[in-house]
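Inspection log for the structure reproduced underneath, given as structure tokens.
Computed from the coordinates by the stated procedures, all read-outs in this text should not be read as laboratory data. The structure displayed is predicted, hence computed values, not measured ones. Neighbour counts are summed over all protein chains in view; Cβ atoms, including those assigned to glycine, are modelled from backbone coordinates with ideal geometry.
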Amino acid sequence: MPRTKHIINEGWQFAPGGDGESGFTPVTLPHDWAVSAPFNKLMRQGADQGFRDRWGIGWYRRVLDLPQKREECVYLLDFGGIFENSEVWVNGQAAGGRRYGYSPFRLDITKMLSQGENEIKVRVDNTAFPADRWYSGCGIYRTVTFIEAEERRFDEMEIIVSSRVLDTGAAVSIKTGTNSKVRAVLDGNKTRFEATGDDGNVEIFVAKPMLWSAESPNLYDLRLTLLDGERAADEISMRIGIRDIQFIPGQGIFVNGQRTILKGVCLHQDVGCRGIASKKEHWRERLVILKELGCNCIRPAHHLFPAEFLDLCDEMGFYVYEEAFDKWTSGSYARYFQECWREDIDAMVKRDRNRASVLIWGTGNEVENQGLESMLSILTMLKDYIKTLDDSRPVSYAMNPHFERVCDNLPITDIEEKVGQIAKIADIVDIISCNYQEQWYDTIHESRPGKLILGTEVYQFFRGHRDQLQNYSNENPLLAPLEKDYVIGSIVWSGYDYLGESADWPAKGWGGALVRTNNEKRFGYYIAQSYWSEKPMVCFNVMDYSLASENVKEHWDMPIFAEHWFFPQYGKIIIPYMIATNCDDVALFLNGTRFYLPKPSDCPNRIITGFLPYRPGTVKAVGYINGTEVCSHTLVTPSPAVRLEFTESVKRVVAERGFEMLLTVKAKDENGNPCFRESSLVRFRAEGGAEICAVDNGCLTGSEPCDGTSIHMYRGVASLLIHLDGSPGRVVVHADAEGLFSGEAIVIVG
């Protein structure tokens with residue numbers, strides 16, 4: 001009997017604190033109890049955790065109904081992740097748990113289940129100090145799955161799928177970890193391939209294969225059947241990609257024969273107003289925006305992300321640099337490392353080694369004693385172990401730019417001495433992964449020319465100097481892979497704003513990213529797009545230091561540029577501007593008068609800078625390729641705001657119960673121009689099969705709760721997240737603000 005799987009995210013109850021016997025209220029998973037916790041300026045590790053008072057213990061319970069318990073079956077509970085220190089009981093019997101909050105785990109609860117109703121109870125303990133240095137959230141924040149299967153079954157974590165691209169096609173090899181007869185069926189591109197193996201191993205030859213890459217993420221559906229005679233004892237399915245990837249020293253990465261540069265962003269796992277209780281649709285929306293940027297690589301930092309996120313990277317086409325944990329014997333993981341490092345690496349590699357998207361395994365990030373013998377010993381141990389699980393991918397470690405002397409623990413400032421320490425790490429890893437070290441790339445390469453270099457973290461705008469790390473040099477680090485063949489890519493810190501790791505109160509998170517938590521793009525997004533995207537684009541922004549500080553750590557930030565042409569506080573004044581473009585030439589017009597600009601190729605970083613006199617009206621930047629206008633960007637000085645307008649007035653979705661979607665409203669004047677400086681309080685209402693579950697305005701320095709139905713506009717924008725009940729029909733969302741005409745959006749569900 002092939003297995004059955006049931007997602008059991010509904011029907012749960014949650015109680016904060018206590019003994020787990022009372023105080024329960026209904027919740028739906030995924031659930032993060034910390035994101036709606038009150039702000040506490042004085043809380044321990046407040047800046048790290050977004051000042052959300054998250055310390056404590058929480059309880060979850062659910063009744064699981066089992067109409068029939070089969071003697072020949074086993075019953076399993078899969079938890080995608082519980083943060084953290086979880087313990088699970090079934091009918092009062094201890095079933096197990098997991099200490100590290102980012103790793104998925106499975107429990108066999110067969111002996112504890114009985115026919116009829118069964119109580120599942122979960123204790124989650126978030127009292128251990130220290131917490132992560134970013135917002136980690138609390139609770140059962142990923143999917144829970146109940147599985148019924150025969151005792152004789154596949155173990156998904158032991159299945160290894162690999163492929164080889166040949167001159168005549170491709171060979172797909174499957175090792176199932178069993179010693180039984182197995183049938184494999186591969187479907188894709190309207191063709192089907194099938195093979196059978198008697199010892200648990202199968203090889204399928206694929207003629208004219210569709211190859212996977214970030215640009216063409218072709219996937220095949222693979223179905224494996226465990227045979228008992230002719231009877232199917234178990235069956236599982238997965239999606240795989242066939243690709244050929246080569247890392248060639250001094251030349252770069254070649255994907256299916258094409259040289260490829262990694263154009264990446266780092267991401268933390270929270271999604272703003274929902275905390276870490278993310279769903280696949282949240283990530284799909286974000287990844288669509290990153291695709292439009294020209295991004296082709298994601299570094300999920302610094303731990304395992306939900307399986308649904310990796311599914312999207314496979315489907316949408318992103319190369320993934322995946323790492324199991326941050327520090328080793330310091331920070332929050334120190335309490336787990338000695339006992340848990342092996343099982344947490346297992347959770348990462350065994351879960352994701354069959355994915356087309358995973359490109360490089362990371363062993364850790366900016367760890368303690370970097371370059372010293374104790375650290376090198378651990379690095380070797382981790383790398384060697386990963387290779388026993390998967391020897392088809394390179395293994396690396398993301399090193400920070402700081403090194404200390406062994407003798408006195410003082411910082412190393414001499415570049416040659418520093419590179420000597422880097423070389424020790426380079427001798428162990430397959431790829432030299434550098435955080436904020438573009439200024440030393442040439443010296444590192446001269447030391448170890450046989451190894452490629454990857455910028456696993458780079459600033460979005462500034463570059464350091466050989467003798468000064470944070471030098472605010474106007475040389476964009478994203479250009480390094482375009483200039484040096486031995487540099488395979490740059491991964492910006494970070495793609496999206498995230499909660500926690502703030503510079504200090506009142507900031508509740510990291511606000512120096514390319515995109516805000518509510519999907520509003522900063523100018524840094526367009527600068528990166530001008531380097532990474534082939535679609536013609538031009539973006540004009542003004543420097544505006546009248547705007548309030550967002551309390552960003554300076555070197556990760558950039559000058560305050562904003563997308564508006566509205567300075568009511570000034571009379572006659574000169575305004576600095578920047579223009580990002582991937583066009584050959586740009587013309588700039590102010591109220592119809594043309595201002596002549598240098599070509600982007602003649603400008604530092606290919607970014608045009610200049611000055612305009614402030615005259616209310618219209619600014620228009622026009623991009624040309626080969627003398628033909630291909631794109632433009634227009635900003636208009638608005639009159640007073642008169643109405644609210646959703647960015648999409650009608651939206652159609654095919655959605656099941658629990659689907660969530662973000663809607664955004666902007667303040668507009670009588671001519672439909674955005675009113676950048678509007679800050680009215682917006683109240684949201686929803687009619688039909690939906691409820692408002694969160695609000696967001698992209699401002700991390702504010703203190704408004706995210707679990708309400710109203711929020712002030714920030715730079716003329718406010719957003720809400722609605723939760724659909726799955727019923728077909730119309731959902732009408734209203735946005736109201738005093739003195740403004742209301743906005744309305746219609747969501748057609750069906």
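Note on Lys208: lysines with a C-alpha under 26 Å away, same-chain residues under 8 apart excluded, are Lys175, Lys190. Rounded to the nearest 20 debye, the dipole size of the stretch 4-150 about its Cα centre is 480 debye, using +1 on the Cβ of Lys and Arg and -1 on the Cβ of Asp and Glu.
Hey, if you put +1 on the Cβ of every Lys and Arg and -1 on every Asp and Glu Cβ in the chain, which of Ile422, Cys434, Tyr496 ends up farthest toward the positive end of that dipole? It is Tyr496, whose Cα lies furthest towards the positive end. A dipole drawn for the stretch 156-240 from +1 and -1 charges on Cβ atoms has a positive end, and of Ser163, Pro217, Asn179 the residue lying farthest that way is Pro217. For the residue pairs Lys69/Lys111; Lys599/Lys620; Lys279/Lys666; Lys521/Lys666, the alpha carbons lie more than 19 Å apart in Lys279/Lys666. Summarising the amide proton neighbourhood of Val74: residues at separation of 5 or more, or on other chains, whose placed amide H is nearer than 5 Å comprise Ala149, Glu150, Glu151. Quick one: net charge around Lys599, please, counting Lys, Arg +1 and Asp, Glu -1 for every other residue with C-beta under 10 Å from its C-beta. Around Lys599, the charge tally is -2. Straight-line cross-link reach from Lys387 at under 18 Å between alpha-carbon atoms covers these aspartates and glutamates, not counting any fewer than eight positions away in the same chain: Glu158, Glu322, Glu323, Glu343, Asp344, Asp346, Asp352, Asp427, Asp430. Less than 5 angstrom separates the built amide H of Tyr498 from those of Trp510, all sequence-distant by 5 or more or on a different chain.
Can you compute the helix-only [θ] at 222 nm over the chain? Use -39500 (n - 2.57) per DSSP H run of at least 4 residues, normalise by all residues, nearest 500 deg cm²/dmol. Intermediate results must be reported in sequence, preceding the final value.
Numbers: 8 runs with 93 residues, N = 750.
One gets -4000 deg cm²/dmol as the mean residue ellipticity at 222 nm.
Sequentially through the stretch 486-494, phi angles give Karplus couplings (6.51, -1.76, 1.60; θ = phi - 60°) of 7, 9, 8, x, 10, 10, 6, 9, 9 Hz, Gly and Pro residues having no value and appearing as x. Can you tell which of Pro568, Met1, Val733 lies farthest toward the positive end of the dipole of the chain, using +1 and -1 charges on the Cβ of basic and acidic side chains (Lys, Arg; Asp, Glu)? Of Pro568, Met1, Val733, it is Pro568. Only the Cβ atoms of Lys and Arg (+1) and of Asp and Glu (-1) were treated as charged; on that basis the dipole of the stretch 267-317 about its Cα centre amounts to roughly 140 debye.
Between amide H atoms placed 1.01 Å from N, distances below 5 Å from Ala356 occur with Gly241, all of them 5 or more places distant or on a separate chain. Note on the stretch 1-32 and the stretch 201-246: Cα centroid distance 34 Å, given to the nearest whole angstrom. Given charges of +1 on the Cβ of Lys and Arg and -1 on the Cβ of Asp and Glu, with all other atoms neutral, how large is the dipole of the chain about its Cα centre, in debye to the nearest 20? Roughly 1180 debye for the chain. Rounded to the nearest Hz, the phi-derived 3J(HN,Hα) couplings of the stretch 296-302 under the Karplus curve 6.51 cos²θ - 1.76 cosθ + 1.60 (θ = phi - 60°) are 10, 9, 10, 10, x, 10, 10, where x marks glycine and proline. Working note: Karplus 6.51/-1.76/1.60 with θ = phi - 60° gives the stretch 742-747 the couplings 6, x, 9, 10, 10, 10 Hz, where Gly and Pro are set to x.
What separates the Cα centres of the stretch 141-164 and the stretch 464-486 is a distance of 44 Å.
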